[in-house]
């Protein structure tokens with residue numbers, strides 16, 4: 001099968017925002033907490049050892065994330081809150097010494113830096129178009145799929161370029177009013193994608209899109 005570019009478990013609010021305003025080291029999602037958009041994921045047994053962790057639909061999607069993925073593409077804002085030129089190599093991402101990716105990761109930035117390897121993950125920093133970034137990630141993925149990790153502006157760039165094959169977006173039952181908006185309505189993509197919705201007991205709605 002031809003490898004795909006996939007968006008997986010990407011959380012947005014009911015009014016379409018995937019992040020709030022004012023991202024910082026203390027507030028990775030801006031003025032909203034990560035639990036506001038991704039609390040459903042944190043509550044799954046894939047992410048939590050609590051006896052109350054969920055094992056249903058949400059857990060299935062979380063456990064499926066790593067299946068068949070050979071590389072990831074992300075924007076600089078997902079990698080961290082640092083802006084402008086890299087003044088030093090001190091910032092190494094949100095994830096510590098053991099990043100969760102276990103694949104090559106291609107970070108899109110206007111300010112390139114040397115590759116960074118932590119455990120079994122190497123971050124490559126590229127000033128590249130979506131097409132060129134995808135070509136590099138596909139080569140590194142060695143026949144497996146590539147995940148497009150975000151943030152919002154990065155996902156929108158690849159959507160606008162017509163490069164995204166499948167999307168899984170979860171809509172949380174909250175409105176945050178401002179920030180980075182993925183869409184005005186999930187139906188905005190219906191001209192290009194088949195679209196199914198699956199409600200979860202956690203309160204989120206899973207939206208699944210695949211190319212027409």
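Nothing in this text is a laboratory measurement; each read-out follows from the coordinates by a stated rule. Note that the structure is predicted; figures quoted are calculated from it, not measured. Because the Cβ atoms are built from the backbone with ideal geometry, glycine has one as well, and the counts that use them run over all protein chains shown.
Taking the number of other C-beta atoms within 10 Å as the exposure measure, put 117, 197, 54 in order starting with the fewest.
On the way: 117 13, 197 10, 54 21.
Neighbour counts put them in this order, fewest first: 197, 117, 54.
With every atom except the alpha carbons ignored, what do you get for Rg and Dmax of the chain, in angstroms?
Calculated on Cα positions, Rg and Dmax stand at 16.6, 46 Å.
At 37 °C and 0.692 mPa s, what whole-number value in µm²/s does Stokes-Einstein give for the translational diffusion of segment 19-68, with Rh from the Kirkwood sum over Cα pairs? Don't skip to the end; give the middle numbers.
Working: Rh = 12.0 Å.
It comes out at roughly 274 µm²/s.
Taking a ≥ b ≥ c as the square roots of the eigenvalues of the Cα gyration tensor of segment 72-150, is the shape rounded (a/c under 1.5), prolate (a/b larger than b/c) or oblate? Walk me through the numbers before you get to the answer.
On the way: a/c = 1.90, a/b = 1.24, b/c = 1.52.
Oblate.
Taking all pairs of distinct Cα atoms, average 1/r, flip it, and tell me the Kirkwood hydrodynamic radius of segment 88-212 in Å to one decimal place. Working shown, then result.
On the way: mean 1/r = 0.0602 Å⁻¹.
In segment 88-212 this quantity evaluates to 16.6 Å.
Once you put a point 7 Å from the Cα of residue 200 and another 7 Å from the Cα of residue 144, both along the Cβ direction, what distance in nm separates them?
For residue 200 paired with residue 144, the spin-label model returns 2.2 nm.
Between residue 52 and residue 36, what length in nm is gained on full extension when 0.36 nm per residue of separation is reduced by their alpha carbon distance?
Working: separation 16, 0.36 × 16 = 5.76 nm, distance 1.87 nm.
Working it through step by step, the gained length comes to 3.9 nm.
For the pair residue 211/residue 178, report the inter-label distance in nm, with labels modelled 7 Å from Cα in the Cβ direction.
Label at residue 211, label at residue 178, 3.9 nm between them.
For segment 133-200, count the residues as N, evaluate 2.2 N^0.38 Å, and divide the Cα radius of gyration by that value, please. Can you show the working numbers first?
Details: Rg = 13.9 Å, N = 68, 2.2 N^0.38 = 10.9 Å.
Cα-based Rg divided by the globular estimate yields 1.27.
Subtracting the Cα-Cα distance from 0.36 nm times the residue separation, let me have the gained length for residue 95 to residue 26 in nm, one decimal. Please report the intermediate quantities before stating the final value.
Working: separation 69, 0.36 × 69 = 24.84 nm, distance 1.39 nm.
Gain on extension, residue 95 to residue 26, equals 23.4 nm.
Please report Rg over Rh for segment 36-103, where both radii come from the alpha carbon positions and Rh follows the Kirkwood definition.
1.05
Averaging sequence separations of C-alpha pairs under 8 Å and six or more residues apart, then dividing by the length of the chain, give the relative contact order as a whole percent. Spell out each step's value before the answer.
Working: 412 pairs, mean separation 66.7, N = 212.
Reported relative contact order: 31 percent.
Arranged by the count of other C-beta atoms within 10 angstrom, fewest first, what order do 124, 195, 168, 131 take?
Details: 124 21, 195 15, 168 18, 131 12.
Taking fewest neighbouring Cβ atoms as first place, the list is 131, 195, 168, 124.
Helix-only mean residue ellipticity at 222 nm, the chain, DSSP H runs n ≥ 4 weighted -39,500 (n - 2.57), per residue, nearest 500. What is it?
Mean residue ellipticity at 222 nm (helix-derived): -5500 deg cm²/dmol.
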